[in-house]
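Data block below; observations after.
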Amino acid sequence: KNEVEQSPQNLTAQEGEFITINCSYSVGISALHWLQQHPGGGIVSLFMLSSGKKKHGRLIATINIQEKHSSLHITASHPRDSAVYICAAFILTGGGNKLTFGTGTQLKVEL
Amino acid sequence: DTEVTQTPKHLVMGMTNKKSLKCEQHMGHRAMYWYKQKAKKPPELMFVYSYEKLSINESVPSRFSPECPNSSLLNLHLHALQPEDSALYLCASSHGDSGSIYEQYFGPGTRLTVT
């Protein structure tokens, strides 16, 4: 079982819809990264958070350390939001804090 | 400059070839990373350099040889690769050392095909 799980694996939404992507993890973490990967391959960092909530434009990320859960919300979704969204947790190992990736959520926003 | 650049964007090589991937950042970051990503899978960590020294090698086969000539540059030398090594190779960098928690900035990747 992966230490970092995401749901759903695939998501299709209509333009304008409110979208939620969930991330849960089974071990203690130091912080969590939300990343966006477009079909071309490049990965963009959206948020890094260790508590509470962060907002940037139409994107909101929340984390509940006690419940080992984080969510990424997209308000007023747009076709350009179509991408793979990946959560990645900083997990403390013998070699330091290692970024452990979830399996990703493929989002498609249709007109 | 908040960019990590990678060259080449695409690379096709035979199993007997020797080639190198290059990654560069000018953000003053002291940790640099190589990841391998297969289609529809998350990135897998290969190597981490911290202050120009190799700090993590995730049991990567010796046909992959990393090099960090200076704090801005990271290379991945490839030799005698196998077709299953075909993947997207991503470079990333972050402030401070790899043991700490810093946001990682990713490059656009090099899509490698081994024939």
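For region B:51-115, which fully contained strands (runs of 3 or more DSSP E) count at least 2 residues that are in contact with a Lys or Arg (Cβ under 6 Å, 6 or more places away or on another chain) and more than 13 Å from every other protein chain (Cβ to nearest Cβ)?
Hits in region B:51-115: B:73-79.
Test A:His73 against the criterion of being within 11 Å of the chain's Cα centre (by Cα) and more than 19 Å from B:Ile101 (Cβ to Cβ), and give yes or no. So A:His73 passes the test.
Residues of region A:21-36 that are open to solvent by 20 Å² or more (accessible area, probe 1.4 Å) and either among the β-branched types (Val, Ile, Thr) or within 11 Å of the chain's Cα centre (by Cα) (or both): A:Asn22, A:Ser24, A:Val27, A:Ile29, A:Gln36.
Scanning region B:35-70 for residues that are closer than 20 Å to B:Asp97 by Cβ and open to solvent by 40 Å² or more (accessible area, probe 1.4 Å) gives B:Tyr51, B:Glu52, B:Lys53, B:Leu54, B:Ser55, B:Asn57, B:Glu58, B:Glu67, B:Pro69, B:Asn70.
I want to confirm something. Restricting to region A:51-65 and keeping residues that are open to solvent by 60 Å² or more (accessible area, probe 1.4 Å) and under 19 Å from A:Gly28 (Cα atoms), which single residue is farthest from the other protein chains (Cβ to nearest Cβ)? It comes out as A:Lys53.
Note on region B:22-34: residues that are more than 16 Å from A:Gly96 (Cβ to Cβ), out of contact with any Cys (no Cβ under 7 Å at 6 or more places or on another chain) and open to solvent by less than 60 Å² (accessible area, probe 1.4 Å) amount to 4. Annotation note: of A:Gln36, A:Gln106, the sole residue that is within 24 Å of B:Lys36 (Cβ to Cβ), among the polar types (S, T, N, Q) and in contact with a helix residue (DSSP H, G or I) (Cβ under 9 Å, 6 or more places away or on another chain) is A:Gln36. How about region A:85-103: which of its residues are assigned to a strand (DSSP E or B) and small (Gly, Ala, Ser)? Those that are assigned to a strand (DSSP E or B) and small (Gly, Ala, Ser): A:Ala88, A:Ala89, A:Gly96. Restricting region A:81-110 to residues that are more than 22 Å from B:Leu90 (Cα to Cα) and modelled with pLDDT of 95 or more, the residue that is least open to solvent (accessible area, probe 1.4 Å) is A:Val109.
The values are calculated or read from the model by the stated rules, or taken from the named source; none is laboratory data. Remember, predicted model here, so these are calculated numbers, not experimental data. Cβ: placed from backbone, ideal geometry, glycine included. Neighbour counts: every protein chain shown. All accessible areas refer to the heavy atoms of the entire protein, side chains included, with ligands and DNA or RNA removed. Shrake-Rupley method; radii C 1.70, N 1.55, O 1.52, S 1.80 Å.
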